[in-house]
Amino acid sequence: MKTAPPLAWAASRAAVVALVAFAAGCGGSNPIGPMPSPSPSPTAQPGGPITGRYTLSITPSASCAMPRTPITFLMTGADAGVTTHPGVQVLLDPNGFRLELEAVYESFAIHGGLGTKNDPEGAVSEQGQRVWIHAIAAGPVLRSTDSRGEVLTGTLAGYLALATAGGFEGELGTCSAPDHALSLRTR
Amino acid sequence: MTRFRALPVAGAALLLVGQADVRPSAAAAPEPVRVRASAAFAACLAPALDSVARGAGVPVVLVTADPDPPQDADLVIGDDLEMTRLLESGTAEVASAVDLGQIPWVTVVPEGSPRGAVSAFATEPVAVLAGRAGREARASLGALGAGRLAVTDDPGALRRARYGLMPRSLAGPGERRASDVRPLVATAALIANSPRRASAARLLARLASTDGRRALGTCFDPMPQASAQASASAAAVYAQSVVDWWMPACSLARNRYVDPNEALGPPDAINLGGQGENYLGFISLGQGGYVTVDMGVTFADANGPDVRVYQTVSGAGEPVTLYASTLPQGPFTLVGLRVPCGERSPGLFSNHCDFDLRAGGLAAARYLKVEDGEIFPCLAAGSVTEGADIDAVELLGGRN
């Protein structure tokens, strides 16, 4: 059943990588085209490139025994090119490897994985908490007032654990839920 | 023959008193093998390791600490959640990995406590194990907010706790109640390029032998005899074709096994051995990547699990998320979110995890979207097999 020999899959991988390079060379992959000039709109339109500086906000699910205070991070977003679908990469700013979102961005919505490392440090929020996340972020993308894309009403499905600075993972609570709230707002 | 040493690092709180009896002699004594095991397993290993080490003719130092990072260890012993990245990165040798047994979680409460969830009646904080090995246990106590949990890596504190959720090996007095939390699986593996590899391999072989398992048996439960043999019958239904797939460009550039067609057909992943990570027969999904497959038939929800996903490489259970639909383009409904995919599959290199359509409220499906649930940052990747590694997808029943 697994018919693709090593050379074939290597070739297919090379083709996809070439596609990434091609897409990047064509000016990026966001499904909404190049960034237009800022034009504030009274009603938000779908789309807009996810690029530049953002604030990621996570509110634990109502089913979690955690404070429902938003947990926020300063992030930087960028077009991640096209593999089989167009993607975006949103990283903690700085130390992007500590909190990374890799998501498909098409049909005016994102869907992808938001994760921290598995070490005792997690990622430190703007509130000074340590946070561990392994979850799927999804939501519609709307044009912000500066025409970039942002997610105002997203969801985060998966693992969320909190601790004080220097505390053990989960000492302030651990919760796996399909409906944490997420937003990714321009800043 | 065994010496015990505690490390001055977070997570290494079990202080085992040294009992060195490596006798100096004129002939150069073999250098001790350094065994590094997490607290739950060290509590079991400590009493048994001495006789095992004598049998193997290998002096041993046991360090109680999270096996990852291994520091100067030659042999590491940890649960799936602790071993995944060690094995996937090649730091520990996948080919050497052996399951020594498992330890169930128990809820400890004062004798005569009410029935039901401990969160409903605990009058003081509920102690629970810190670190990766305790993740699923802590998540199971999600109803307890800050202040009602006492997360600790101190085995003494766990044993003293009146209320707690801990591996049986770390439970103190009080009434012990069975827990639904997945048992910890003690997987032992050699550290690659260890300077004492031959001695460590001898020790591991002894640990895994009948005598070794007997010595450990009072503390470890045997691994269950899973009914997970992949079906070889002609009626078995495996994924037929790839409808869609995606992985981030970052993961695509770093992972080595990126052909989605490898998720089709029966499980056939193999470890080719040798240096590095040499495998065949699966796709590593990368950070949050997915592959959507057509099972070739519409299948109905049946009693029990309907779908089995075979997940491979590390001998561990990278989580998998499954969505299902009757149409190739969806919409896809969530069936299982980040399900640990480490159930052992006898006779196979791959492990597996099962899903029930009913959990997603679905009566039938044909197309399955299998998504990475590990969700480890691509930029922090340490292997060429990042993300869940999908070998095969099988229908278990309910075909129509």
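None of the figures in this text is laboratory data; all of them are computed from the coordinates on show. Computed from a predicted model, the values in this text were never measured in an experiment. Cβ sites come from the backbone with ideal geometry, for glycine too, and all protein chains shown count toward neighbours.
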Query raised in the report: Taking the C-alpha atoms of the protein assembly as shown, how large are the radius of gyration and the largest Cα-Cα span, Dmax, in Å?
Result: 24.4, 88
Requested in this report: Along Cα→Cβ, 7 Å out, is where each label goes; now give me the distance between the ones at A:THR153 and B:ASP180 in nm to one decimal.
Outcome: 3.2 nm
Query - Enclosed volume per residue, in Å³, of the convex hull spanned by Cα atoms of region A:91-161 - result: 103 Å³
Report summary line: Non-local residues with an amide H under 5 Å from the amide H of A:GLY158, with H modelled 1.01 Å from N and Pro and chain starts lacking one, are A:ILE136, A:ALA177, A:ASP179, A:HIS180
Query raised in the report: Roughly what angle does helix B:39-56 make with the longest principal axis of chain B, taking Cα atoms, 0 to 90 degrees, to the nearest 10?
Result: 70 degrees
Query raised in the report: Using 17 Å as the cut-off for backbone N distance, which residues of region B:356-374 belong to the label zone defined by a point 7 Å from the Cα of B:LEU327 along Cα→Cβ?
Result: B:362-369
Query raised in the report: Put +1 on the Cβ of each Lys and Arg and -1 on the Cβ of each Asp and Glu in chain B; which of B:THR187, B:LEU129, B:PRO110 then has its Cα farthest toward the positive end of the dipole?
Result: B:PRO110
**Report entry** Taking the convex hull of Cα positions in chain B, its mean projected area over all directions (nm²)
**Finding:** 20.9 nm²
Report task. Using a Gaussian network model of chain B whose springs link C-alpha atoms within less than 10 Å, name the residue from B:ALA205, B:ALA146, B:ALA127 with the highest mean-square fluctuation. Result -> B:ALA146
Report summary line: Residues other than B:TRP246 with Cβ under 11 Å of its Cβ, Lys/Arg counted +1 and Asp/Glu -1, net out at -4
Report summary line: For B:LEU280, the residues 5 or more places away or on another chain with a placed amide H closer than 5 Å to its own amide H are B:ILE270, B:LEU272
Report summary line: Expected max-MSF residue from B:THR298, B:THR123, B:THR333 in the GNM of chain B (alpha carbon, under 10 Å) is B:THR123
Query - Inter-site label distance for A:ALA44 and B:ASP72 at 7 Å from Cα along Cβ, in nm - result: 5.6 nm
Report summary line: Taking Cα pairs closer than 8 Å and at least 6 residues apart, the relative contact order of chain B in percent is 17 percent
**Report entry** Projected-area average for region B:93-160 over all orientations - Cα convex hull basis, square nanometres
**Finding:** 6.2 nm²
Report summary line: Assertion target for A:THR76, B:THR107, ordered by fewest C-beta neighbours within 10 angstrom first, is A:THR76, B:THR107
Report summary line: Measuring from the longest principal axis of the C-alpha atoms of chain B, the long axis of helix B:197-208 (C-alpha) lies at a number of degrees, nearest 10, equal to 80 degrees
Query raised in the report: Taking square-rooted eigenvalues a ≥ b ≥ c of the alpha carbon gyration tensor, is region A:147-187 rounded, prolate or oblate, where a/c under 1.5 means rounded and, failing that, a/b exceeding b/c means prolate?
Result: oblate
Query raised in the report: Given springs between every Cα pair under 10 Å in a Gaussian network model of chain B, which of B:GLY281, B:GLY361, B:GLY172 has the largest fluctuation?
Result: B:GLY361
Report task. State the percent of C-alpha pairs, over all pairs in region B:33-108, separated by a distance greater than 17 angstrom. Result -> 46 percent
Query - Nitroxide proxy distance, nm - points 7 Å out along Cα→Cβ at A:GLU126 and B:ALA300 - result: 5.3 nm
Report summary line: Stretched fully, the stretch from A:ALA62 through A:ASP146 gains (0.36 nm per residue minus C-alpha distance, one decimal, in nm) 27.0 nm
